[in-house]
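Novice: Input: one structure, supplied below.
The values are calculated or read from the model by the stated rules, or taken from the named source; none is laboratory data. Everything quoted here is computed from the prediction, not taken from an experiment. Glycine gets a Cβ as well: all are built from the backbone with ideal geometry, and neighbour counts include every protein chain shown.
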Amino acid sequence: MLRALKYRNYRLFFSGQVVSLIGTWITTTATNWLVYRLTGSALLLGVVGFAGQFPAFVAGPFAGIFVDRWDRHRLLVATQTISMLQSFALAALVLSNHITLGAIIALSVVQGLVNAFDMPARQAFLLTMVENRADLGNAIALNSSMVNLARLLGPSIAGVVIAATNEGWCFLIDGVSYVAVIVALLKMHIAAPLERPVARHSALHQFREGFSYVLGFRPIRSIILLLALVSLVGVPYSVLMPVFATTVFEGGPHTLGLLMTSSGCGALLGALWLARRRSVVGLGRVIPMASALFGIGLMCFSFTHVLWLALPCLTVAGFGFMVQMASSNTVIQTIVDDEKRGRVMSFYMMAFLGTAPFGSLIAGSLSQTIGAAHTLLLGGSCCIAGAVWFASALPAIRQAVRPIYVRLGILPEVASGIANAAELTVPPE
């Protein structure tokens with residue numbers, strides 16, 4: 001389960017990111033609570049979510065071009081440093097009582113632009129840290145475990161800090177936490193200077209090349225489309241959690257922390273389950289099953305008005321979404337051409353993060369008209385419909401992926417079986 005940790009650079013990255021991501025989830029929870037405290041509006045919660053994620057949709061595919069050209073190690077140091085400064089700016093504004101909704105939106109846009117470069121760079125840099133492609137799936141699963149360990153702890157810490165002081169201290173803690181990952185990146189031993197690909201073509205040509213590759217290769221196209229759908233209609237449920245915490249369950253910051261932690265617990269269990277897998281084989285079937293499980297968890301949560309029943313529903317939803325997202329990541333990272341990795345992962349992050357802001361706006365506006373519960377019910381139904389569509393396309397996807405798995409040595413027995421089958425089907429003379 002922990003085999004990717006045998007690589008020193010990955011151990012450094014993992015340990016630094018655990019600390020930093022706890023701070024990130026503290027800020028995410030504190031931001032949602034701060035906006036709802038200032039405005040009392042579910043719609044404005046959606047607007048802030050849109051502002052923080054929309055830049056990834058617009059700039060993500062173009063950022064992927066530069067991720068393929070630039071030194072990814074230096075790029076990550078730069079993005080983490082800017083993120084640290086952004087958190088300190090939020091802390092200063094809140095602690096000095098100068099915070100406004102406009103400032104929150106502006107700083108969210110800045111963070112969204114940083115994420116447009118940071119997310120694909122982090123994913124593309126993973127193979128450099130792990131070195132052996134055979135351990136890539138395990139590293140991705142451990143990354144997901146790391147994210148969700150932070151997701152498990154961060155909201156709980158945020159709830160305690162907000163109740164004891166105010167949101168400003170949450171942002172300050174987040175800013176300090178970035179020091180851990182920056183130090184980890186600087187301590188890495190890169191065997192040789194990272195070679196930047198020679199830019200033989202213009203950025204526009206490289207964008208078209210990456211777009212054509214993603215659109216024309218059915219396995220990657222199908223995985224990204226399903227992830228985009230789930231992110232659009234399902235993931236924005238977290239934006240509505242302050243509404244459920246206060247109006248449905250009649251609680252406060254502690255209740256919000258419990259809801260977010262339950263979802264994070266399920267996601268952590270899903271990531272650990274994936275880390276135990278030894279091969280990428282079979283993940284194609286897991287992807288639609290996990291998507292459907294996520295939808296079922298959301299639908300069940302939308303029906304309940306009792307907190308102790310709602311928490312396991314969010315645990316199921318968190319498990320389903322994390323397994324779907326991490327499985328999709330693993331399959332794409334395994335089959336993608338190395339020279340297009342940055343661009344493809346930027347489209348992956350656009351599907352994962354870029355569609356979520358539109359979902360946040362839709363969820364915020366729908367909850368104002370049909371209610372938060374019915375909004376989640378509709379989103380869960382769409383996730384199940386998407387899972388059914390992907391399952392129907394699975395035979396064609398497997399047929400397209402199998403030659404790649406054979407070439408990489410993932411399915412050596414299949415290669416032998418194909419040769420034997422060819423011999424058996426030769427007509428007798």
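Novice: Does Gln368 satisfy the criteria of being out of contact with any Leu (no Cβ under 6 Å at 6 or more places or on another chain), among the polar types (S, T, N, Q) and assigned to a helix (DSSP H, G or I)?
Specialist: no
Novice: Inspect segment 276-288 for any residue being within 19 Å of Leu152 (Cβ to Cβ) and of a type outside the set (Ser, Thr, Tyr) and give the result as yes or no. It would help to see each step written out before you state the result.
Specialist: To start, the set of residues in segment 276-288 that are within 19 Å of Leu152 (Cβ to Cβ) comprises 276.
So of that shortlist, the ones also of a type outside the set (Ser, Thr, Tyr) come out as 276.
Yes, because at least one residue in segment 276-288 is within 19 Å of Leu152 (Cβ to Cβ) and of a type outside the set (Ser, Thr, Tyr).
Novice: Yes or no: Ala317 touching a Leu at 6+ places or on another chain (Cβ under 7 Å), surrounded by 24 or more Cβ atoms within 10 Å (Cβ to Cβ) and either under 25 Å from Ser262 (Cα atoms) or not acidic (Asp, Glu) (or both)? Please lay out each step first, then the result.
Specialist: Numbers: touching a Leu at 6+ places or on another chain (Cβ under 7 Å): yes; surrounded by 24 or more Cβ atoms within 10 Å (Cβ to Cβ): yes; either under 25 Å from Ser262 (Cα atoms) or not acidic (Asp, Glu) (or both): yes.
The answer is yes for Ala317.
Every residue, every condition in (1) assigned to a helix (DSSP H, G or I); (2) farther than 18 Å from Ala385 by Cβ; (3) small (Gly, Ala, Ser), yes or no:
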| site | (1), (2), (3) |
| --- | --- |
| Ala290 | yes, no, yes |
| Phe294 | yes, no, no |
| Met299 | yes, no, no |
| His305 | no, yes, no |
| Trp308 | yes, yes, no |
| Cys313 | yes, yes, no |
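Okay, residues lined up against (1) in contact (Cβ under 8 Å) with a residue 60 or more places away in the chain; (2) under 16 Å from the mean Cα position of the chain (by Cα); (3) in a helix (DSSP H, G or I); (4) within 30 Å of Leu314 (Cβ to Cβ):
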site	(1), (2), (3), (4)
Pro55	yes, yes, yes, yes
Leu75	no, no, yes, no
Ala89	no, no, yes, no
Ala116	yes, yes, yes, yes
Ala121	yes, yes, yes, no
Ala124	yes, yes, yes, no
Leu142	yes, yes, yes, yes
Ala150	yes, yes, yes, yes
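Novice: Working only within segment 227-242, note down all residues that are of a type in the set (A, V, I, L, M, F, W, C) and crowded, with 23+ Cβ neighbours inside 10 Å.
Specialist: Scanning segment 227-242 gives Leu227, Val230, Leu232, Val233, Val235, Val239, Leu240, Met241.
Novice: Which residues, taken from segment 182-191, are under 22 Å from the mean Cα position of the chain (by Cα) and either of a type in the set (Ser, Thr, Tyr) or within 12 Å of Asn9 (Cα to Cα) (or both)?
Specialist: Kept after step one, since they are under 22 Å from the mean Cα position of the chain (by Cα), are these residues of segment 182-191: 182, 184-185.
The answer is Ala184, Leu185.
Novice: Condition first: modelled with pLDDT of 80 or more and closer than 30 Å to Ala372 by Cα. Can you find one or more residues in segment 80-90 that meet it?
Specialist: yes
Novice: Please work out if Arg208 is exposed (fewer than 13 other Cβ atoms within 10 Å of the Cβ), part of a helix (DSSP H, G or I) and either out of contact with any strand residue (DSSP E or B) (no Cβ under 6 Å at 6 or more places or on another chain) or modelled with pLDDT of 80 or more (or both).
Specialist: Details: exposed (fewer than 13 other Cβ atoms within 10 Å of the Cβ): yes; part of a helix (DSSP H, G or I): yes; either out of contact with any strand residue (DSSP E or B) (no Cβ under 6 Å at 6 or more places or on another chain) or modelled with pLDDT of 80 or more (or both): yes.
So Arg208 fits the description; yes.
Novice: List, please: which pairs have Cβ atoms under 7 Å, are six or more places apart or on different chains, and start with a residue in segment 244-266 that is more than 16 Å from Val306 (Cα to Cα) and end with one that is of a type in the set (Lys, Arg)?
Specialist: From segment 244-266, the pairs are Gly264/Arg151.
Novice: Further question on the same structure: Say whether the condition of being touching a Pro at 6+ places or on another chain (Cβ under 8 Å) and either under 30 Å from Val280 (Cα atoms) or of a type in the set (Lys, Arg) (or both) is met by at least one residue in segment 19-38.
Specialist: For segment 19-38, residues touching a Pro at 6+ places or on another chain (Cβ under 8 Å) and either under 30 Å from Val280 (Cα atoms) or of a type in the set (Lys, Arg) (or both): present.
Novice: Mind listing whichever residues of segment 162-196 are modelled with pLDDT of 90 or more and under 17 Å from Thr255 (Cβ atoms)?
Specialist: Within segment 162-196, Cys170 is the sole residue that qualifies.
Novice: Right, something else. State the number of residues belonging to segment 282-303 that are surrounded by fewer than 17 Cβ atoms within 10 Å (Cβ to Cβ) and among the β-branched types (Val, Ile, Thr).
Specialist: Just the residues of segment 282-303 that are surrounded by fewer than 17 Cβ atoms within 10 Å (Cβ to Cβ), to begin with: 282, 285, 289, 303.
Then keep just the ones that are among the β-branched types (Val, Ile, Thr); that gives none.
Going through segment 282-303 one residue at a time, the tally reaches 0.
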